[in-house]
Amino acid sequence: MAVQTVATDTTASPSTVDLGPAAALSCRECGHRVPLGPVFACEECFGPLEIAYDFSAHDTEELRKRIEAGPANIWRYAPLLPVPADVATKPNINPGWTKLVKADNLARELGVTGGLYVKDDSGNPTHSFKDRVVAQALEAARAFGFTTLSCSSTGNLAGAVGAAAARAGFRSCVFIPHDLEQGKVVMAAVYGGELVGIEGNYDDVNRFCSELIGDPAGEGWGFVNVNLRPYYAEGSKTLAYEICEQLGWQLPDQLVVPIASGSQLTKIDKGLKELIALGLVEDKPYKIFGAQAEGCSPVSTAFKAGHDVVRPQKPNTIAKSLAIGNPADGPYVLDIARRTGGAVEDVTDEQVVDAIKLLARTEGIFAETAGGVTVGVTKKLIENGVLDPSLTTVVLNTGDGLKTLDAVAGTGLTATIRPNLDSFREAGLA
Ligand SMILES: Cc1ncc(COP(=O)(O)O)c(C=O)c1O
Ligand SMILES: [Zn+2]
């Protein structure tokens, strides 16, 4: 199926765009629909736009077979994603189909009896779940005729955009807070694109990018998490699809998901609902729990206070990838946690570090701070009697510990010895 390039304006005719099963952009607030295009805010109420699909043509068993016969990456779900059907022939970083690790040792430590799994997204090409969302945004950028990819990032997204742009032959120019972890900076810079540090926190970076979009200097740029956000966000649905397929086409009972902007959590919920609607999994209740670091916990604070709105915070935490003080999808996360019977909880930086070590020690998985947040929150929720240990639970690790080495900087050599057995014995290691 050929993809035609369309003008990068909101008046593009829907008939000139071919984005697979995506039918339109629909406002999450008022339901107003507009043709597919590089727009992200509703012209009626300024609410966020998301992709609406027409899945009516799918036969459940044929779809299941097609997915199972597909590639070991997110494109196995192409019939459910807003991408052109011939995406496999174009250079993309092809993320996904990461391991769902049955975490029996961790389960024993935490007292989980109903089955505990870690969805380990550190196994993606640039070692975080962000490759999933960027892969979608890249296809949308191609379809809309952009040649520069950009983003505001807490670190992981910058690397994912840099890599995808390098592979696809796009220019990239990405923006990050100036004081990120060295691992994130190097991972973002190594692909050869432009990497700009902004003197400020993520929320300042994001505001700057919104200004740049409206300026001639940003014309023709695809900001993956701003003007391409509806397409970008859909990439997170593939986490839900994979988890269910890897569980033998079953819904888990409980999921623990990290929150920065909240986009990932809302799309995991969307993905689960789609699988139910398509008949690919049997309908049953599931609970979604959100995880934040105490030093940037606007959503958990609102959840605990019973508020519907999220009051912005100034972030101060080692979990820099989650350090968004004014999360765009915060209110939707609150809705989902409350609707599904889940919760939003936070942990201190010390608990984040302990949880990183716990996961590494029990399962051989080295998580970045975001993974420390989800594991730490899971532990806290069990201890507080909020998360039911007798139910099947999936905890997300969305990034690689090698990018946040400072968090566990005190970890190192057990001993330094001379190269002989006496020295080995002296050190008490025999
Ligand atoms: C490793 C990691 N996990 C989770 C998230 C949360 O993503 P979202 O903004 O979709 O809530 C981020 C965001 O940057 C991240 O880098
Ligand atoms: Zn609207």
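None of the figures in this text is laboratory data; all of them are computed from the coordinates on show. Here the structure is a predicted model, which means the values were calculated and not measured. Because the Cβ atoms are built from the backbone with ideal geometry, glycine has one as well, and the counts that use them run over all protein chains shown.
For the reader, a short list of remarks on this structure follows.
- Rounded to 10°, Cα long-axis angle of helix 156-168 versus longest principal axis of the chain: 50 degrees
- Sequence-distant residues sharing a close amide H with ASP400 (under 5 Å, placed H): GLU368
- For the chain, relative contact order (Cα pairs under 8 Å, six or more residues apart, normalised by length) works out to 15 percent.
- Projecting the Cα positions of SER172, ALA260, THR362 onto the charge dipole of the chain (unit charges on Cβ atoms of Lys, Arg, Asp and Glu, taken about the Cα centre) puts THR362 furthest along the positive direction.
- Normalised by 2.2 N^0.38 Å, with N the number of residues, the alpha-carbon radius of gyration of the chain equals 0.97.
- Tilt relative to the chain, helix 202-213 - C-alpha long axis, 0 to 90 degrees, to 10: 20 degrees
- Using the Karplus relation 6.51 cos²θ - 1.76 cosθ + 1.60 with θ = phi - 60°, the per-residue 3J(HN,Hα) values for segment 148-154 come to 10, 9, 9, 5, 9, 9, 8 Hz, with x marking Gly and Pro.
- Oblate is the label for segment 83-181, because the ratio a/c of its alpha-carbon gyration tensor axes (a ≥ b ≥ c) is 1.5 or higher and a/b is not greater than b/c.
- Amide H contacts of TYR53 (H built 1.01 Å from N, under 5 Å, at least 5 apart or other chain): ALA23
- The 3J(HN,Hα) values that the Karplus relation (6.51, -1.76, 1.60; θ = phi - 60°) gives for segment 255-265 are, in residue order, 10, 10, 10, x, 10, 10, 7, x, 4, 4, 5 Hz. Gly and Pro appear as x.
- In the chain, the longest principal axis of the Cα atoms and the axis of helix 237-246 are about 60 degrees apart.
- For the peptides 230-240, 344-354, the ranking by mean Cβ contacts within 10 Å, running from highest to lowest, is 230-240, 344-354.
- Built amide H within the under 5 Å cut-off of LYS287, gap 5+: GLN254, LEU255
- Karplus 3J(HN,Hα) series, Hz, for segment 345-359 with 6.51 cos²θ - 1.76 cosθ + 1.60 (x for Gly, Pro): 9, 9, 10, 6, 4, 4, 5, 4, 5, 4, 6, 4, 5, 4, 5
- Relative contact order of segment 155-219, defined on C-alpha pairs under 8 angstrom at six or more residues apart (%): 33 percent
- Highest-fluctuation residue, LEU322, LEU149, LEU280 considered, GNM on the chain with Cα pairs under 10 Å: LEU280
- Here is the result for segment 65-140: no chymotrypsin sites (Phe, Trp or Tyr not before Pro) lie in DSSP coil with at most 16 other C-beta atoms within 10 angstrom of their C-beta.
- Structure remark: mean-square fluctuation, Gaussian network model of the chain, C-alpha springs under 10 Å; the largest value among THR60, THR392, THR374 belongs to THR60.
- Between ALA165, ALA41, ALA260, the GNM of the chain built on Cα springs shorter than 10 angstrom shows ALA41 fluctuating the most.
- Remark: segment 12-155 carries a charge dipole of roughly 400 debye about the Cα centre, counting +1 on each Lys and Arg Cβ and -1 on each Asp and Glu Cβ.
- Cut-off 13 Å between beta-carbons: net charge of the residues surrounding ASP204, Lys and Arg +1, Asp and Glu -1: -2
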